[in-house]
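This report concerns only the one structure given below.
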Amino acid sequence: MTKILSTHLIYEDWLNLRMAHVQADSGDEFERHIVEMRPAISVLPYDPARRVALTVSMPRAPVTQAGLPDMMEAIAGLIDEDAESCTRREALEEAGVRLGDLTHVGQIWSIPSVVTEKIDYYLAEYREEDRIEEGGGHPDEQENITVYELSLDALWTMMARKELADGKLAILLMALRLRRPDLFSVPVD
């Protein structure tokens, strides 16, 4: 079994960067970077009565550096408390929505080759009257979030056209379609 012989810290802040000295089963030794990040959540709130979902977009430095516009994303955040409380808080902060029951879709490593972050994915129902705040993000975090309420068919069509680049949103949209195909009228391509 591959094992880590040692690590040393290169950078420490909001995320940590370590260099790991690794030994493979063959006995070969090499170095690998490890980006340490806290666990996170992602949620797709959807209204089954109106067949819509809430998504967000915000400036992301890596996306901007690539010369691309802000991308539509699923609501997400780093876990500071238990995952379900974090999911509810992030939905309220980012999209101004109070969530109903949460359905845990699963936990997925975001980039297992480099990053320790694992994301818990949720689907959550809401009703029109659950949009109780403006959203836009926490005032102290300069997130500049734009909130979108789009039909599930429009989101599915955007994904089919390769217009959705956020993996979290794609995972959650596919999970919703598998669980609730009755909410979609656009055929699967």
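The values are calculated or read from the model by the stated rules, or taken from the named source; none is laboratory data. Bear in mind the structure is a predicted one, so any value in this text is a computation, not a measurement. Because the Cβ atoms are built from the backbone with ideal geometry, glycine has one as well, and the counts that use them run over all protein chains shown. Surface areas here come from the heavy atoms of the whole protein model, side chains and all, with no ligands, DNA or RNA. Shrake-Rupley method; radii C 1.70, N 1.55, O 1.52, S 1.80 Å.
Laid out as a table, the results:
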{"item": "Pairs where the first residue, in the stretch 55-73, is closer than 22 Å to residue 151 by Cα and the second is among the aromatic types (Phe, Trp, Tyr) and surrounded by fewer than 17 Cβ atoms within 10 Å (Cβ to Cβ), C-beta under 8 Å, 6+ apart", "result": "55/148; 56/148; 57/148; 72/148"}
{"item": "Boolean, residue 64 is more than 19 Å from residue 171 (Cα to Cα) and either surrounded by fewer than 18 Cβ atoms within 10 Å (Cβ to Cβ) or in contact with a Cys (Cβ under 7 Å, 6 or more places away or on another chain) (or both)", "result": "yes"}
{"item": "Residue within the stretch 95-117 that is part of a helix (DSSP H, G or I) and either modelled with pLDDT under 95 or surrounded by 17 or more Cβ atoms within 10 Å (Cβ to Cβ) (or both) present", "result": "yes"}
{"item": "Tally, over the stretch 21-55, of residues that are open to solvent by 30 Å² or more (accessible area, probe 1.4 Å) and more than 15 Å from the chain's Cα centre (by Cα)", "result": "17"}
{"item": "Strands (runs of 3 or more DSSP E) within the stretch 1-82 that include 3 or more residues over 27 Å from residue 126 (Cα atoms)", "result": "3-12, 16-23, 29-36"}
{"item": "Odd one out for residue 163 among (1) surrounded by 14 or more Cβ atoms within 10 Å (Cβ to Cβ); (2) closer than 19 Å to residue 54 by Cβ; (3) not aliphatic (A, V, I, L, M)", "result": "(1)"}
{"item": "Among the candidates 90, 143, residue that is part of a loop (DSSP other than H, G, I, E, B), touching a Gly at 6+ places or on another chain (Cβ under 6 Å) and either of a type in the set (Gly, Ala, Ser) or under 16 Å from residue 56 (Cβ atoms) (or both)", "result": "143"}
{"item": "Failed criterion for residue 79 (all others in (1) out of contact with any Gly (no Cβ under 9 Å at 6 or more places or on another chain); (2) crowded, with 17+ Cβ neighbours inside 10 Å; (3) at pLDDT 95 or above hold)", "result": "(3)"}
